[in-house]
Amino acid sequence: MSSGPIPWTVHPHGPLEPLAENLWRVVGELPNMALCRTMTVARLRDSRLLLHSAIALDEPGMAALEALGEPAFLVVPSGYHRMDAPRYKARYPKIEVLCPRGSRGRVEQVIAVDRCFEDCPQPDPGDDSVVIEYFDERRRPEGIVLVRSADGVTAIFNDVLFNIPHSKGLFWFVYGRLLGATGGPKITPIARYVLLRGETGRGYKRWLEAAAERRDVVRLVPGHGEVIAEGACDTLRQLAARL
């Protein structure tokens, strides 16, 4: 971990988009890459905020974020989504850093972790509106954040769910078409190989099937790509059938 000052480096990003009365997202660009990333913001009942896969925003964006509540929990969803986590910890020293146990070593190369997901299935034990679930109790490569709003439950994913349409250009031909990352809601071949091998993939399949049967899941927020707000449970069922 760096011991010096951490610059607040901002890459192009969109505005805070409301998804529900207690839920927002921001889509931002990645440096030197056509792939975009997503930060999701959930507001707990006491108005504190949980930030999933943080993106450093420009000052108007940070002012809009802080107007929603106090950033209290920083979810680093994997060791590959840690770029702006140290910046948020430097800006908000009291924020609690959470990550999957299977990614803790890589996350702690850049930022100290306060708790792993299994230590805090509810980041605030008194508030069940935000819950983190695993789909593999052994490897724990990622978790899924569930946020309850007035209209139902939103499931927030990281790299185990993409929803990117096909696009033009060399990058999207290789990454999207050849490597299978684009073309609607999907579990990419890369995710299957890196994150979902063996029992982990079977655990994810079981989680998807169980979530589809809940019937209260109304929205899916992928780590990369568009929000799925129509037929969320049907999409979960279809994803499970492909595993």
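The values are calculated or read from the model by the stated rules, or taken from the named source; none is laboratory data. Just so it is clear, the structure is predicted and the values come from calculations on it, not from any experiment. As a convention, Cβ positions derive from the backbone with ideal geometry for all residues, glycine included, and neighbour counts pool all protein chains shown.
For SER129, work out the one condition from (1) in contact with a Cys (Cβ under 7 Å, 6 or more places away or on another chain); (2) closer than 23 Å to ARG219 by Cα it doesn't fulfil.
Checking SER129 against (1) in contact with a Cys (Cβ under 7 Å, 6 or more places away or on another chain); (2) closer than 23 Å to ARG219 by Cα, the one that fails is (1).
Okay, residues lined up against (1) surrounded by fewer than 18 Cβ atoms within 10 Å (Cβ to Cβ); (2) over 21 Å from GLY223 (Cβ atoms); (3) not acidic (Asp, Glu):
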site	(1), (2), (3)
ASN22	no, no, yes
SER53	no, no, yes
ALA56	no, no, yes
GLU59	yes, yes, no
ALA63	yes, yes, yes
GLU70	yes, yes, no
ALA85	no, no, yes
SER103	no, no, yes
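For region 85-118: of the residues being of a type in the set (A, V, I, L, M) and in a strand (DSSP E or B), which is nearest to ALA56 (Cα to Cα)?
Once the filter is applied, the top-ranked residue is VAL97.
Would you check if GLY231 is among the small types (Gly, Ala, Ser) and free of Cβ contacts under 8 Å to residues at least 12 places away in the same chain?
When the stated conditions are applied, GLY231 passes them.
Every residue in region 177-200 that is in contact with a helix residue (DSSP H, G or I) (Cβ under 8 Å, 6 or more places away or on another chain) and more than 15 Å from ARG242 (Cβ to Cβ), please.
LEU179, THR182
Show the residue pairs meeting these rules: Cβ distance below 9 Å; 6+ apart or different chains; first residue within region 99-127 and without any contact (Cβ under 8 Å) to a residue 12 or more places away in the chain; second residue of a type in the set (Val, Ile, Thr) and outside any loop (DSSP other than H, G, I, E, B).
From residues that are without any contact (Cβ under 8 Å) to a residue 12 or more places away in the chain, the pairs are GLN122/VAL130; GLN122/VAL131; GLN122/ILE132.
Across region 162-205, what is the total count of residues that are of a type in the set (A, V, I, L, M) and out of contact with any strand residue (DSSP E or B) (no Cβ under 8 Å at 6 or more places or on another chain)?
8
Would you confirm whether any residue within region 117-131 is among the polar types (S, T, N, Q) and modelled with pLDDT of 95 or more?
Within region 117-131 (the criterion being among the polar types (S, T, N, Q) and modelled with pLDDT of 95 or more), the answer is yes, since at least one residue qualifies.
Which one is nearest to ASP124 (Cα to Cα), of the residues in region 38-60 that are more than 19 Å from the chain's Cα centre (by Cα) and not charged (D, E, K, R)?
Residue satisfying both the conditions and the ranking: SER47.
Filter region 32-58 down to residues that are among the charged types (D, E, K, R) and touching an Asp or Glu at 6+ places or on another chain (Cβ under 6 Å) and give me whichever is nearest to TYR175 (Cα to Cα).
Across region 32-58, the extreme among qualifying residues is ARG48.
Do the conditions hold for ILE111, that is, is it crowded, with 18+ Cβ neighbours inside 10 Å, in contact with a Pro (Cβ under 9 Å, 6 or more places away or on another chain) and of a type in the set (Val, Ile, Thr)?
Spelling it out, ILE111 is indeed crowded, with 18+ Cβ neighbours inside 10 Å, in contact with a Pro (Cβ under 9 Å, 6 or more places away or on another chain) and of a type in the set (Val, Ile, Thr).
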